[in-house]
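Student: First the structure, then my questions, so here it is.
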Amino acid sequence: SSIENLYTFTDEIITLLQGFANQAAQIIENVRNYEALKGSEKRAALQRTSLSELFKNQALYGGDVAAAMQLIVKFISDTLGTARASVWTLSHDGSELRCISLYQANDGTYSCGDVLKTAEYPAYFKAMMDRNRIYVDDAFNDPSTCELADPYLRPQGITSLLDGGIFIEGRLAGVVSSEHVGPMRKWFHDEESFISTAASMAAQIFIDAERKKAEEKLR
């Protein structure tokens, strides 16, 4: 009888402990959800503030594409907190992607000139055409970006990529890229939307520049 009571008591304790464990797990999950929400709110506030400041800068509307692109790459790097950000344009024949502005946060410098031959990176360009943006945590091994690993990513220490396609009249005209250096980084949905916004801004700048050029030619 005493042995039976002992086993009954033990089962009750186990059930009680399981209840405590379930409650603790729920509390932890609630804390994680709260932290994720606060992180999302913080990122959204930063993105709104950055956009507001960018739109106030008259250099964005002055017709100087190079100056405008420098604003955009710094805007991307500062807002997403990435070591590098860049804008690339696709040649009219679609054969090469050329970097027209690259910002490096560690020393605040700008550069340009890198060229990627599209024929050498078919998976990347197919993914960009299919999805309009590419967001990869492990850029070395993701099927859409692994082709870039040895010629571009590893030499620069880039481990994670968040790229948005610049589309003009349905044609891929270029790419804006947020390039993370260091341990792999997970991108959030709001950051993926943000890079698309930056790409749309770049597209509009190119469109406005072409229109101004045509107007000047007519005059």
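Student: Can you find, within the range 111-127, the residue that is nearest to ARG154 (Cα to Cα) among those that are in contact with a Ser or Thr (Cβ under 8 Å, 6 or more places away or on another chain) and buried (at least 18 other Cβ atoms within 10 Å of the Cβ)?
Tutor: Only one residue fits best here, namely TYR124.
Student: Within the set of pairs 6 or more residues apart or between chains, which connect a residue that is under 25 Å from PHE167 (Cβ atoms) and polar (S, T, N, Q) inside the range 92-114 to a residue that is open to solvent by 70 Å² or more (accessible area, probe 1.4 Å) and part of a strand (DSSP E or B) with Cβ atoms less than 7 Å apart?
Tutor: SER95/LYS117; SER101/TYR110
Student: For residues that are touching a Gly at 6+ places or on another chain (Cβ under 8 Å) and polar (S, T, N, Q), scanning just the range 95-145, find the one that is nearest to MET69 (Cα to Cα).
Tutor: Across the range 95-145, the extreme among qualifying residues is ASN132.
Student: List every residue pair whose Cβ atoms lie under 7 Å apart, where the two residues are 6 or more positions apart in sequence or sit on different chains, the first residue falls within the range 121-139 and is of a type in the set (Ser, Thr, Tyr), and the second residue, located anywhere, is modelled with pLDDT under 95 and part of a loop (DSSP other than H, G, I, E, B).
Tutor: Taking only residues 6 or more apart or on different chains, the pairs are TYR135/TRP187.
Student: Determine if the range 189-205 includes at least one residue that is without any contact (Cβ under 8 Å) to a residue 60 or more places away in the chain, crowded, with 22+ Cβ neighbours inside 10 Å and on the phi < 0 side of the Ramachandran plot.
Tutor: Looking for residues that are without any contact (Cβ under 8 Å) to a residue 60 or more places away in the chain, crowded, with 22+ Cβ neighbours inside 10 Å and on the phi < 0 side of the Ramachandran plot, one finds none in the range 189-205, hence no.
Student: Let me ask you something else. Any idea which residue in the range 170-188 is nearest to MET128 (Cα to Cα), counting only those that are surrounded by fewer than 18 Cβ atoms within 10 Å (Cβ to Cβ) and touching a strand residue (DSSP E or B) at 6+ places or on another chain (Cβ under 9 Å)?
Tutor: LEU172
Student: Hey, can you tell me all the residues within the range 181-199 that are of a type in the set (D, E, K, R), more than 19 Å from TYR152 (Cβ to Cβ) and not in a helix (DSSP H, G or I)?
Tutor: Within the range 181-199, just LYS186 meets the criteria.
Student: Tally the residues that are more than 14 Å from SER177 (Cβ to Cβ) and open to solvent by 40 Å² or more (accessible area, probe 1.4 Å), restricting the search to the range 93-110. Working first, answer last.
Tutor: Taking the range 93-110 and keeping what is more than 14 Å from SER177 (Cβ to Cβ), we get 93-96, 106-110.
Remaining after also requiring open to solvent by 40 Å² or more (accessible area, probe 1.4 Å): 93, 95, 106-107, 109-110.
Counting residues in the range 93-110 that are more than 14 Å from SER177 (Cβ to Cβ) and open to solvent by 40 Å² or more (accessible area, probe 1.4 Å) gives 6.
Student: Let me ask something additional. Can you work out which of the residues in the range 62-92 that are part of a helix (DSSP H, G or I), of a type outside the set (A, V, I, L, M) and within 15 Å of the chain's Cα centre (by Cα) is surrounded by the most Cβ atoms within 10 Å (Cβ to Cβ)?
Tutor: This residue is THR79.
Student: Select, from ARG133, ARG211, the only residue that is open to solvent by 50 Å² or more (accessible area, probe 1.4 Å) and either closer than 26 Å to ASP107 by Cβ or within 13 Å of the chain's Cα centre (by Cα) (or both).
Tutor: On the way: ARG211 fails: either closer than 26 Å to ASP107 by Cβ or within 13 Å of the chain's Cα centre (by Cα) (or both).
So the residue among ARG133, ARG211 that is open to solvent by 50 Å² or more (accessible area, probe 1.4 Å) and either closer than 26 Å to ASP107 by Cβ or within 13 Å of the chain's Cα centre (by Cα) (or both) is ARG133.
Student: Among the residues of the range 131-144, count how many are more than 18 Å from SER200 (Cβ to Cβ) and out of contact with any Leu (no Cβ under 6 Å at 6 or more places or on another chain).
Tutor: Residues in the range 131-144 being more than 18 Å from SER200 (Cβ to Cβ) and out of contact with any Leu (no Cβ under 6 Å at 6 or more places or on another chain): 7 in total.
Student: Taking only the range 129-145 into account, find how many residues are at pLDDT below 95 and hydrophobic (A, V, I, L, M, F, W, C).
Tutor: Number satisfying all stated conditions: 1.
The values are calculated or read from the model by the stated rules, or taken from the named source; none is laboratory data. Only a predicted model underlies this, so the values are computations on that prediction, with no experimental measurement involved. Every residue, glycine as well, gets a Cβ built from its backbone with ideal geometry; the counts of neighbours run over all protein chains shown. Keep in mind that these areas ignore ligands, DNA and RNA; they rest on the heavy atoms of the full protein, side chains included. Shrake-Rupley method; radii C 1.70, N 1.55, O 1.52, S 1.80 Å.
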